[in-house]
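Worksheet: one structure, shown below.
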Amino acid sequence: MKLSVLQENLARGISIVNRAVATRSTLPVLGNILLATEGGRLKLAATNLEIGITHWCGAQVQTEGAITVPARQLADYVNALPPDRVEMELNPKTQTLHLKCARYDANIKGVDASEFPIIPTIGENNKILVEPDTLKELIAQSTFSAAQDDSRPVLTGILAKFDKDAVTFASADGFRLSVRSAVLGTKLSAPVSVIIPAKALQDVARVIGDQEAPVEIAITENRSQVLFHLENTDIVSQLIDGNFPDFNQIVPKSYSTRTTMNTHELQNAVKAASVFAREASNIVRLNISSGNDMGGGRVVIAAQSAETGDNVGEIDATVDGEPIEIAFNARFLADVLGVLNSPQVALETSTAASPGVVKAVGRDDFTHVIMPMHIGR
């Protein structure tokens with residue numbers, strides 16, 4: 001193998017696939033990155049057997065070949081190189097990769113590429129097309145409320161339901177639920193429902209960048225893996241086996257109070273309250289009142305800590321229904337407001353002990369359910 005590639009492109013490719021490198025494994029080769037020539041380009045690949053990432057970057061290929069080298073060593077060295085052309089040459093006898101860039105020379109000892117696991121690629125059949133901006137928003141508005149711990153593995157994933165020309169992503173961690181739907185660029189012959197690890201979807205979102213072409217998604221026939229094909233990158237992930245809770249049963253069907261607020265104003269008020277809430281179980285109180293006969297309304301956002309003090313913030317609101325005081329986890333509120341992508345937010349509530357529903361005003365494609373916190377009188 002003999003080729004040359006720009007340091008900037010090589011460093012970016014390594015950073016993309018590095019997320020799939022195994023940190024601890026009984027197979028040493030999983031701590032390596034595969035470098036191979038393919039179709040006149042340089043292919044970089046890494047896998048931890050749960051997720052696999054393959055990236056292609058432009059290169060001037062003189063001789064074909066392949067090698068795997070330690071990921072950390074390669075990444076640290078390439079990032080230290082000047083922005084110039086990197087020349088690579090493999091010595092197949094010693095399995096050593098020689099790198100030369102400007103006045104820098106290095107030899108990295110590798111492992112034969114034949115020991116590297118095969119990473120599946122997307123086929124031509126049964127591809128699901130999703131616009132990149134739509135997919136990024138689907139991911140952003142669902143992954144934040146997936147569970148972080150593995151006590152219930154299905155909750156660490158996102159339920160992805162593809163049906164006809166629509167897709168729905170749902171996530172829940174036991175305290176909150178997000179449901180986001182969108183229209184697909186293709187019409188499916190049969191519905192499919194899978195649970196995709198949230199971390200894999202976050203990796204997809206990071207790689208999409210400013211891509212304009214639709215992202216291709218495919219589910220393997222045995223329903224064990226999902227594949228994402230982007231412009232220069234493929235990501236394949238194991239699916240999570242299990243039954244996701246029926247989220248339609250969790251979303252409240254009615255409310256007694258609907259409060260419409262400016263999203264940015266509510267964000268700032270919650271942020272200010274969080275300074276004190278973090279010392280007191282992260283509780284932030286919302287006191288909602290409908291104002292007078294002339295209309296209007298207000299929401300008082302407050303938090304208090306026995307150790308550090310208290311704060312009160314007030315914002316204008318349009319309140320339809322009865323006054324109510326309800327408390328939420330400040331971080332949970334901040335999380336959903338941060339992904340709403342809407343100038344106005346609606347909060348639907350029934351009682352202080354019932355779940356609240358957060359929606360973007362003017363849109364019906366995103367619903368977030370958040371459990372209230374108990375507050376003593």
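Brief remarks follow.
- Residue within the range 27-39 that is assigned to a loop (DSSP other than H, G, I, E, B) and more than 30 Å from the chain's Cα centre (by Cα) present: yes
- Qualifying residue in the range 341-348 (condition: closer than 15 Å to Ser142 by Cα, out of contact with any Cys (no Cβ under 6 Å at 6 or more places or on another chain) and at pLDDT below 95): yes
- Scanning the range 15-36 for residues that are modelled with pLDDT of 95 or more and farther than 16 Å from Ile119 by Cβ turns up just one, Ser15.
- Filter result for the condition that a residue is among the small types (Gly, Ala, Ser) and modelled with pLDDT of 95 or more, over Ala277, Ala306, Ala327: Ala327
- Taken over the range 68-87, the criterion of being over 18 Å from Leu27 (Cα atoms), of a type in the set (A, V, I, L, M, F, W, C) and touching a residue at least 40 places away in the same chain (Cβ under 8 Å) is satisfied by Leu74, Ala75, Val78, Leu81, Val86.
- Restricting Leu129, Leu99 to those that are under 30 Å from Thr26 (Cα atoms) and not in a loop (DSSP other than H, G, I, E, B) reduces the list to Leu99.
- Any pair with Cβ under 9 angstrom, 6 or more apart, that starts in the range 207-231 at a residue that is free of Cβ contacts under 8 Å to residues at least 12 places away in the same chain and ends at one that is of a type in the set (A, V, I, L, M) and part of a loop (DSSP other than H, G, I, E, B): Gly209/Leu230
- Residue within the range 345-358 that is within 32 Å of the chain's Cα centre (by Cα), farther than 16 Å from Thr257 by Cα and in a loop (DSSP other than H, G, I, E, B) present: no
- In the range 181-195, the residues that are over 17 Å from Val154 (Cα atoms) and touching a residue at least 60 places away in the same chain (Cβ under 8 Å) reach residues that are surrounded by 13 or more Cβ atoms within 10 Å (Cβ to Cβ) and hydrophobic (A, V, I, L, M, F, W, C) with C-beta atoms within less than 7 angstrom, at least six apart or across chains, in these pairs: Ser181/Ala166; Ser181/Val167; Ala182/Leu138; Ala182/Val167; Leu188/Ile128; Leu188/Phe162.
- Set side by side, the residues Ser193, Ser256, Ser237 differ, and just one is assigned by TED's automatic domain parsing to the domain that holds Leu340 and either among the small types (Gly, Ala, Ser) or modelled with pLDDT of 95 or more (or both), which is Ser256.
- Test: residue in the range 77-95 that is assigned to a helix (DSSP H, G or I) and in contact with a Cys (Cβ under 9 Å, 6 or more places away or on another chain): yes
- Enumerated strands (runs of 3 or more DSSP E) restricted to the range 236-330, each holding at least 3 residues that are of a type in the set (Gly, Ala, Ser) and farther than 26 Å from Ser181 by Cβ: 298-305, 309-321
The values are calculated or read from the model by the stated rules, or taken from the named source; none is laboratory data. Computed from a predicted model, the values in this text were never measured in an experiment. Note: ideal-geometry Cβ built from the backbone for every residue, glycine included; neighbour counts use all protein chains shown.
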